[in-house]
C-alpha cells in the first residue's frame with residue numbers, strides 16, 4: 001500500500017530569502033565536490049550544487065519548501081537574526097582551532113564520512129544550526 005503524499009502550498013513568508021544569512025562552503029572532491037548552502041537561522045535547511053550559483057539557486061528552492069512546511073505544520077518561522085554586513089567583529093579571520101576529546105573527534109569523523117562531507121563542513125553545519133536555534137548572536 002502506498003503512503004499518502006501531502007501537498008504543501010507555497011507561502012509568501014514575512015521575510016524573503018535575501019533577508020537570511022546563508023553560508024556557501026565548498027564540498028571536498030572525495031565527497032563529490034560542489035558547494036553546500038546552509039542557513040544559520042533555519043536549522044536543517046540546506047542544499048547543494050555543482051557551482052556556487054547552483055547551490056544558491058537550489059537554496060532558494062529549499063528555503064521556499066522549508067518555510068512552507070513550517071507554516072503548514074503551524075510552526076513559527078524564525079526571523080533572520082544575523083546580518084554580517086552590519087556587524088563589526090574585530091579580529092574575526094574566519095578560522096579558529098578547537099580541541100575536542102578523541103571520542104568526539106571519532107564520532108564527528110565517522111558522521112562526516114557517513115554523510116559524505118568533510119569534517120570541516122559537518123562541524124560548520126552543526127555550528128550554523130546551533131546558532132540558528134539560539135537566536136541572536138550578540
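Give me Rg/Rg_expected for the stretch 12-86, where Rg uses Cα atoms only and Rg_expected = 2.2 N^0.38 Å with N residues.
My calculation over the Cα atoms of the stretch 12-86 gives 1.14.
Distance between Cα centroids, the stretch 28-52 to the stretch 55-75: provide it in whole Å.
15
Arranged from highest to lowest average of other beta-carbon atoms within 10 Å per residue, in what order do the peptides 40-46, 72-78 appear?
By packing density, highest mean first, the sequence is 40-46, 72-78.
For a quick protection proxy, order the peptides 4-13, 108-117 by their average other-Cβ count within 10 Å, most packed first.
By packing density, highest mean first, the sequence is 108-117, 4-13.
Values in this text are rule-based calculations from the coordinates and carry no lab data. In this text the structure is predicted, and so the values were computed from the model without any measurement. Using ideal geometry, Cβ is built from the backbone for each residue, glycine included, and neighbour counts are taken over all protein chains shown.
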